[in-house]
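Enquirer: Sharing a structure, written as C-alpha cells. Questions coming.
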Amino acid sequence: MSGQKKSVVTIVLDAISWVMVKKDPVCIPYEFSRLGFRSVLITGRALVRVPGVEVYELGLISHRCGLIPLYVCNILNSLASSLYHGLKLVRLLVRIRPYLVLTYYYPSLLPLLSLLSRLLKFRVVVKMDWDGIIRGSYVKRLARGLSSALFSKFADLVIIESYEALLNAARSVPSLYSKLRVVYNGYCDELLKPANVPREPIVLTVARVEPVKGVHDLITAFAKVANKHPQWKLRIVGPVTNREYFSKLVNLVNGLGLNGRVDFVGPISDSQLVEEYSRASIFVLPSYMESSGIARVEDMSFGLPVITSETGGSEVVRGVGIIIKPGDVDGLTRALEIIV
C-alpha cells in the first residue's frame, strides 16, 4: 500500500545485551529506524530496548558439546538452531513482508532465507564479522572455504568490515568477491561525546582480556619504556573473559615490577568510557585478530594517537597512527617510545 513504510529486518540470533548498545547488532536496526524505515529486530533474546525498533524474540537454545569435537559440535548446533528458529522466522517474515533482510552469518539458515526471499520478494544481505582469513587444519580450512562459497550464493550482498578483510576473503574464497561490499563499523556519537577533563600520561587499551587481544604484548612493551617515563600508566579497560589468561597477566605485571603502573579496569559504563578516552594520551590495540575493531574508531573520535596491529580494519588509522605486525613486541615498544 502506498504511504506505508518499507520494512527492514535485522536478524541476530544471539541475545542482545547492554554490551551491544554501541555495537552494530543494536546500532544497525536503530539507524534503519532513523532513516525512516519500519525497522524490525528478530533476535534470540532482547535484554535492552532499542528506540524506534520493533523487537521479536525467537528464544535461545543451549549448546552442549560433551566429548564431540568442537567443529562437529558447532555444525550440529548450527543445524539445531536453524530448525528451532526456522519455523518461527517463516511465520514472522510472511507477516512482516520485508523489503530487505540483513542477517549475520548463519550458514544453515541462509538457504531458507533465500527461498523466502524469492517467494516474498525481498533482498538478503549477510553481515560477516570476519577478517577474511580461514584458520585451522587443512580439513577445517577446506570445509569453511567450501561452505562460504556455497552459502554466498544465497545472499544478494555480503558486508565485510574493512578492505583488508575484503582482500583476505577474496583470496580465501574467490567466488565471494563479486558480492563483497565494505561497510566500516561506526560509533555512536550520541553516547560517546568527549568530556572536559585534562589529558594525563596514560596508555589506554579497550578490549576483552583474552589472548587474541595481545594484552600480554602491550604489558611487555610498556615495561620496556616504563623506567624512562615513570609518570606514565597503562589502563586496560574491558571484561575478563579468560580467567587463566588474566592470572598470567597479573603475574606478568608483578614480575616486570609494574605494580601501581598497570590498572585492570574491567567493564565500565559509557560515561566512564568517555572519561577514559578523554583522559588518555595514547591508545593501543595490539590484537592478533580483528574483523574491524570499533575501539579504533572510538578513540580517534577523541583525538588520540593510535598504535595498532595490522589486522582487519587497521587501514582506518593510516596517517593518524602507527601500524605494527601482530605479536611484534619490539615494534610496539618503538612505537610507544616515538609517541611518549
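The values are calculated or read from the model by the stated rules, or taken from the named source; none is laboratory data. Just so it is clear, the model here is predicted, and its values are computed rather than measured. Here the Cβ positions follow ideal geometry from the backbone for every residue, glycine too, while neighbour counts run over all protein chains shown.
Enquirer: For segment 19-66, which residues satisfy the criterion of being assigned to a helix (DSSP H, G or I) and either in contact with a Ser or Thr (Cβ under 9 Å, 6 or more places away or on another chain) or in contact (Cβ under 8 Å) with a residue 60 or more places away in the chain (or both)?
Expert: Answer for segment 19-66, where residues must be assigned to a helix (DSSP H, G or I) and either in contact with a Ser or Thr (Cβ under 9 Å, 6 or more places away or on another chain) or in contact (Cβ under 8 Å) with a residue 60 or more places away in the chain (or both): VAL19, ASP24, PRO25, CYS27, ILE28, PRO29, TYR30, GLU31, PHE32, SER33.
Enquirer: Please pick out the residue among GLY186, GLY260 that is outside any strand (DSSP E or B) and closer than 16 Å to GLY293 by Cα.
Expert: Residue meeting the stated conditions: GLY186.
Enquirer: From the list LYS193, LYS213, LYS233, which residue is over 17 Å from the mean Cα position of the chain (by Cα), of a type outside the set (A, V, I, L, M, F, W, C) and either closer than 18 Å to PRO267 by Cβ or modelled with pLDDT of 95 or more (or both)?
Expert: So the residue among LYS193, LYS213, LYS233 that is over 17 Å from the mean Cα position of the chain (by Cα), of a type outside the set (A, V, I, L, M, F, W, C) and either closer than 18 Å to PRO267 by Cβ or modelled with pLDDT of 95 or more (or both) is LYS233.
Enquirer: Then there's this: Name the residue, out of ARG181, ARG171, ARG144, that is surrounded by fewer than 20 Cβ atoms within 10 Å (Cβ to Cβ) and part of a strand (DSSP E or B).
Expert: Result: ARG181 is the single residue among ARG181, ARG171, ARG144 that is surrounded by fewer than 20 Cβ atoms within 10 Å (Cβ to Cβ) and part of a strand (DSSP E or B).
Enquirer: If you don't mind, another one. Only one of these conditions is not met by TYR163: (1) surrounded by fewer than 17 Cβ atoms within 10 Å (Cβ to Cβ); (2) touching a residue at least 60 places away in the same chain (Cβ under 8 Å); (3) closer than 27 Å to LEU76 by Cβ. Which number is it?
Expert: Checking TYR163 against (1) surrounded by fewer than 17 Cβ atoms within 10 Å (Cβ to Cβ); (2) touching a residue at least 60 places away in the same chain (Cβ under 8 Å); (3) closer than 27 Å to LEU76 by Cβ, the one that fails is (3).
Enquirer: Looking at MET289, MET300, which is the one that is farther than 21 Å from HIS229 by Cα, aliphatic (A, V, I, L, M) and assigned to a helix (DSSP H, G or I)?
Expert: Exactly one of MET289, MET300 is farther than 21 Å from HIS229 by Cα, aliphatic (A, V, I, L, M) and assigned to a helix (DSSP H, G or I), namely MET300.
Enquirer: Out of the residues in segment 217-239 meeting the condition of being in contact (Cβ under 8 Å) with a residue 60 or more places away in the chain and in a helix (DSSP H, G or I), tell me which one is surrounded by the most Cβ atoms within 10 Å (Cβ to Cβ).
Expert: The residue in question is ALA221.
Enquirer: Scan segment 318-333 and give yes if some residue there is assigned to a helix (DSSP H, G or I) and either in contact with a Cys (Cβ under 7 Å, 6 or more places away or on another chain) or modelled with pLDDT under 95 (or both), otherwise no.
Expert: No, segment 318-333 has no match at all.
Enquirer: Would segment 120-139 turn up any residue that is in a helix (DSSP H, G or I), in contact (Cβ under 8 Å) with a residue 24 or more places away in the chain and of a type in the set (Lys, Arg)?
Expert: Within segment 120-139, none of the residues are in a helix (DSSP H, G or I), in contact (Cβ under 8 Å) with a residue 24 or more places away in the chain and of a type in the set (Lys, Arg).
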